[in-house]
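Input: a single structure, listed below in structure tokens.
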Amino acid sequence: MRLTGNRGEWSELYALIELMYTGRLYAADENVERINDVYFPILRVVRNQATPEQVDFVINEDNVDIFLGGAKLSSIDKCYLSKLARLLLAGIVAGSDRAFEINGAPEAMQELHIDRISAASTDKTDITMQIHDIYTGYNPICGFSIKSELGGAPTLLNASGATNFIYEIRGITDEDMKRVNSIESKTKILDRIADILAHGEMKYSRVANDNFSSNLMLIDSYMDNIIADILLAFYQNKATDCKSLVELVEEKNPLGYPRRGFYEYKLKKFLCSVALGMMPSKVWDGHDEANGGYVIVKEDGDVLAYHLYNRGAFEMYLLNNTKLERGSTSRHRFASIYKENGRYYINLNLQIRFV
């Protein structure tokens, strides 16, 4: 059986096996460092397959029992899981930027009754675990999203037509529009914005997608205005990382908040909402799809989690480790001036990536 996957996909399998081996979900602080005395014992891991039946891995002290459709299939010694985790980690580190194979992985997956590298998922849940809450005594089943530091930096929010923000341009003419749209330099987006602001002004109008607009309103009634100011600062090349951009908006204080901290607080809520469930083009009810939190696969192979109990640390992690980036202007239809009902507009696109 020939199996290939990218680093992110192989990291999902590695995280699954490493967590079954350790039997503990360790918490991370805001700097992605392990908090040794804060962890949740893992009782069971649920793996959705290509078939309707799910695989359940029940964690014991020395081994893991494997169930398919409620029937026990076999037991795997934890020493074997440890060796398998090391094999996968070495293979991921040595892998290329494209899809690649890892020798020995297909045979190990057959022993574990796993039929795919990454879990089948229609939302942001990559791994589902039943953990023991030592604070309450409950044993909740929680879904987690997995992000890996072993490969290239993943996106937090993908660019699309739904992530366009519309700005009205005042003080320009048709000739200005033609001149700006004809700019095709290597830094054409920045150059176009600079030209517009040299001859007129840009005023935020609205979010292009109605679902994204209402989702932002659910987080905060002024969330779209805050992101619009952050976007404009980014496209003026004032900063790229989220922390620096929100500090610029704090200084400007366009909404007239009574003290510092409002913009950072609200941006962290937005980043967390995106990370745990909110998708721009879909109606969102405010609930987290990854209701457990985030699992991080670190460069050294350590697997840590931001559980909802340490949400504050997770929000700070997101703020400190994300940046805005520019997507394709043709694919996402932005950065060109257009005219509607005698008024001039331009779209600016939002895409967020981990650093």
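For THR4 paired with ASN320, estimate the spin-label separation in nm (one decimal), with each label point 7 Å from Cα along the Cα-to-Cβ line.
Those two pseudo-labels are separated by 3.8 nm.
Using a Förster distance of 41 angstrom, determine the FRET efficiency expected from the C-beta separation of GLN49 and TYR257, and round it to 0.05.
0.25
Do any chymotrypsin sites (Phe, Trp or Tyr not before Pro) in the range 70-152 lie in a DSSP loop with no more than 10 other beta carbon atoms within 10 Å, and if so, which? Display every interim value, and only then the final one.
Numbers: sites: TYR80, PHE100, TYR135, TYR138, PHE144; in loops: TYR135, TYR138.
Passing both the DSSP loop test and the Cβ count: TYR135, TYR138.
Under a point spin-label approximation (7 Å from Cα along Cα-to-Cβ), what is the THR240-ARG331 distance to one decimal in nm?
Simple spin-label model gives 1.8 nm for this pair.
For the chain, how big is the tail of P(r) above 34 Å, as a whole percent of Cα pairs? List each step's numbers first, then the result.
Numbers: 22203 of 62835 pairs.
Roughly 35 percent, once rounded to a whole number.
Within the chain, which whole H helices from DSSP have a Cα span along their axis of at least 30 Å and a mean Kyte-Doolittle hydropathy of 1.0 or more, if any?
On the way: long enough: none.
Helix filter hits for the chain: none.
Which value, in Å², gives the accessible area per residue of the range 213-332 when a 1.4 Å probe is used on the protein heavy atoms?
43 Å²
Before I look further, what does the range 66-194 give for accessible area per residue, probe 1.4 Å, in whole square angstrom? Each step should come with its number before you reach the end.
Values: 6330 Å² over 129 residues.
Per residue, the range 66-194 has 49 Å² of solvent-accessible surface.
Over all alpha-carbon pairs of the range 123-204, lay out the pair-distance distribution in 10 Å bins, whole %, shortest bin first.
Per 10 Å bin, starting at zero, the Cα-Cα P(r) for the range 123-204 comes out as 13, 24, 19, 15, 14, 11, 3 percent.
Treating only the Cβ of Lys, Arg, Asp and Glu as charged (+1, +1, -1, -1), what charge dipole size does the chain show about its Cα centre? Round to the nearest 20 debye.
1020 debye
So which residue, out of ILE92, ILE183, ILE131, gets the largest mean-square fluctuation from a GNM of the chain using Cα contacts under 10 Å as springs?
ILE183
Quote the Stokes-Einstein diffusion coefficient, in whole µm² s⁻¹, for the range 202-331, based on the Kirkwood radius over alpha carbon pairs, a temperature of 4 °C and a viscosity of 1.567 mPa s.
Taking Rh from Cα pairs, D becomes 82 µm²/s.
Once the principal axes of the Cα atoms of the range 1-54 are found, what is the range along each, listed largest first in whole angstroms?
40, 25, 17
Viscosity 1.306 mPa s, temperature 10 °C: give me the Stokes-Einstein translational D for the range 19-80 in µm²/s, with Rh taken as the Kirkwood radius over C-alpha pairs.
In µm²/s, the coefficient rounds to 122.
Full extension from LEU73 to ASN31: what is 0.36 nm times the residue separation minus their Cα-Cα distance, to one decimal in nm?
Contour length minus the Cα-Cα distance gives 11.1 nm.
Would you mind checking LYS147/LYS186; LYS252/LYS282; LYS188/LYS282; LYS203/LYS238; LYS178/LYS252 for any pair whose Cα atoms are more than 27 angstrom apart? Show your work: numbers first, answer last.
Working: LYS147/LYS186 32 Å; LYS252/LYS282 32 Å; LYS188/LYS282 31 Å; LYS203/LYS238 18 Å; LYS178/LYS252 31 Å.
As for pairs spanning more than 27 Å Cα to Cα, those are LYS147/LYS186; LYS252/LYS282; LYS188/LYS282; LYS178/LYS252.
Hey, got a sec? Which GluC sites (Glu not before Pro) in the range 20-107 land in a DSSP loop and have at most 16 other Cβ atoms within 10 Å?
Answer by residue number: GLU33, GLU53, GLU61, GLU101.
Report, to the nearest whole %, how much of the accessible area of the range 241-319 belongs to carbon and sulfur atoms, 1.4 Å probe, protein only.
Details: 1660 of 3300 Å².
Carbon plus sulfur share of accessible area: 50 percent.
The values are calculated or read from the model by the stated rules, or taken from the named source; none is laboratory data. Computed from a predicted model, the values in this text were never measured in an experiment. Note that each Cβ is placed from the backbone with ideal geometry, even for glycine, and that neighbours are counted across all protein chains shown. Just the protein is used for accessible areas: all its heavy atoms, side chains included, with ligands, DNA and RNA removed. Shrake-Rupley method; radii C 1.70, N 1.55, O 1.52, S 1.80 Å.
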